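What follows is a single structure, written as C-alpha cells, with notes after it.
Coordinate-derived values only; no laboratory data. All of these numbers come straight from a predicted model, not from anything done at the bench. Glycine also receives a Cβ, built like all others from the backbone with ideal geometry; neighbour counts cover every protein chain displayed.
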Amino acid sequence: EGGSLEGGARGGSSSSAPLLLQLGSAGYEATVLQPGVDVLVLFGARWCTRCNLFGTEMAALSRSFAQDGHLLFAQMDVTEHEVSAPPLHTIPAIYLFRANSTNLADGVLYAGDESTRSIAAFLALERFAKPGELEASRLSPKEEL
C-alpha cells in the first residue's frame, strides 16, 4: 500500500540490493509518520540526474543501516505522485521525518551534497535531536555591544 521496495525485501539476503521504499500518493503520509520509525525521503524525478545520484548514495547508505529497525529510506517521484507537504521548491529534496512526528510539515530538509558521508552526518545530527533543539543552535549569535 505505502509503496514497494526497489531491488528486494528489506533486510534481504543480497547485500547489494537497494533498500529504498518507493512511495506513492496512497500511503505516503502513513509511511512517513509511522510511530517509532525515522524516515528519510528523497523527493525527485526519474529524469533528474542529481536525483539519481542522491538515490544511489541513499541506497548505499541504507545498506549500512540495514540492521536499524528504526530507520527507513524511501523515495518518491514527484512527477508521478502528488505531495501536499512538505513544500517542495526544487528537486532533489531530501527530508527526514523523525519517529513519532505527527505532521508532514515537521520534516527536516537536508541541505548537503550527495555523498554518503554528508547524508550520514545529517542523520547523526538530526535523528535524535528534540524538535526545536537544533533550530535554536542554528541561529546566528547576536552581536554584543
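Quick notes on this structure:
- Full extension of the chain between ALA124 and ALA66 yields a length gain of 19.3 nm, computed as 0.36 nm times the residue separation minus the alpha carbon distance.
- Length available on full extension from GLU80 to ASN103: 0.36 nm per residue minus the Cα-Cα distance, which gives 6.0 nm.
- Model label points for ALA26 and HIS89, set 7 angstrom from Cα along the Cα-to-Cβ axis, are 3.4 nm apart.
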